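One structure is given below, encoded as structure tokens.
The values are calculated or read from the model by the stated rules, or taken from the named source; none is laboratory data. These numbers were taken from a predicted model, which means no experiment stands behind them. No Cβ is skipped: glycine too gets one built from the backbone with ideal geometry, and neighbour counts run over all protein chains shown. For the accessible areas, the whole protein counts, side chains as well, though only heavy atoms, and no ligand, DNA or RNA atoms are used. Shrake-Rupley method; radii C 1.70, N 1.55, O 1.52, S 1.80 Å.
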Amino acid sequence: MLINVSKLKRNATLVLVAAALQLSVCHQAQASDNPLPESSTAFSKLQEIKQRASDLTMKAMDFMGIRYKRGGSTPENGLDCSGFVRLVFKDALGTNLPRTAAEISRVGENIDQKDLQPGDLVFYNTLRRGFSHVGIYLGDNKFIHSPSAGGQVRIESMDIAYWKNRFNGARRINENDAKQ
């Protein structure tokens, strides 16, 4: 019996990342200074946000390893950064986002980097112009994206100097921002 070691490693990594993300989301939800009664509207909203973030991050990880293709919008043909983000939001939430990273950067609510939550979008200047790259924040200063030619959808740290120096901002896409 042949075992594909790289697939086995990838699957193990996905399981570990998913578990870490779930713990991160649960910890953020439980870290409130003012615990909410389970019957409260605020508690329900918090649960909804937690589920939405989980849906987005888990759907994003479904595309790990899909190759980058400029202008790509399907897993079969490859995905560019905005094609990847659009597909994740469409599949996970039924949300339609604009086609380019720059256009997506004008949708939703502006978020400070210190306030990032799983499922938020992070933007970078990778082509000597603002908002030329987009990814999905996963928590713990990590994001998932479709990087560039020769690359594949992958998770990276925002602490790497390359990404730190090119960070343009972040947006939170709310339910009513781009539904169609």
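Table for the structure above
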quantity: Among (1) touching a residue at least 24 places away in the same chain (Cβ under 8 Å); (2) of a type in the set (A, V, I, L, M, F, W, C); (3) open to solvent by 40 Å² or more (accessible area, probe 1.4 Å) - the single one I160 does not satisfy; calculated: (1)
quantity: The range 53-83: number of residues that are among the β-branched types (V, I, T), surrounded by fewer than 23 Cβ atoms within 10 Å (Cβ to Cβ) and either assigned to a helix (DSSP H, G or I) or without any contact (Cβ under 8 Å) to a residue 40 or more places away in the chain (or both); calculated: 1
quantity: Filter result (within 14 Å of G135 (Cα to Cα) and outside any helix (DSSP H, G or I)) within the range 84-97; calculated: L97
quantity: Criterion (within 12 Å of I136 (Cβ to Cβ) and of a type outside the set (G, A, S)) met by exactly one of K50, K69, K59; calculated: K59
quantity: Any chance G94 is touching a strand residue (DSSP E or B) at 6+ places or on another chain (Cβ under 9 Å), within 19 Å of K50 (Cα to Cα) and at pLDDT below 95; calculated: yes
quantity: Condition check for L87: open to solvent by less than 60 Å² (accessible area, probe 1.4 Å), closer than 17 Å to G151 by Cβ and without any contact (Cβ under 8 Å) to a residue 40 or more places away in the chain; calculated: yes
quantity: Selection count, the range 131-148, where residues are open to solvent by 10 Å² or more (accessible area, probe 1.4 Å) and in contact with a Phe, Trp or Tyr (Cβ under 8 Å, 6 or more places away or on another chain); calculated: 5
quantity: Any chance Q152 is surrounded by 14 or more Cβ atoms within 10 Å (Cβ to Cβ) and under 22 Å from Y68 (Cβ atoms); calculated: yes
quantity: Selection from the range 110-133 of residues that are under 20 Å from F84 (Cα atoms), assigned to a strand (DSSP E or B) and of a type in the set (V, I, T); calculated: V122
quantity: Filter result (within 23 Å of D91 (Cβ to Cβ), open to solvent by 10 Å² or more (accessible area, probe 1.4 Å) and either of a type in the set (G, A, S) or free of Cβ contacts under 8 Å to residues at least 60 places away in the same chain (or both)) within the range 113-130; calculated: L116
quantity: Residue that is nearest to E175 (Cα to Cα), among those in the range 99-109 that are in a loop (DSSP other than H, G, I, E, B) and free of Cβ contacts under 8 Å to residues at least 60 places away in the same chain; calculated: R106
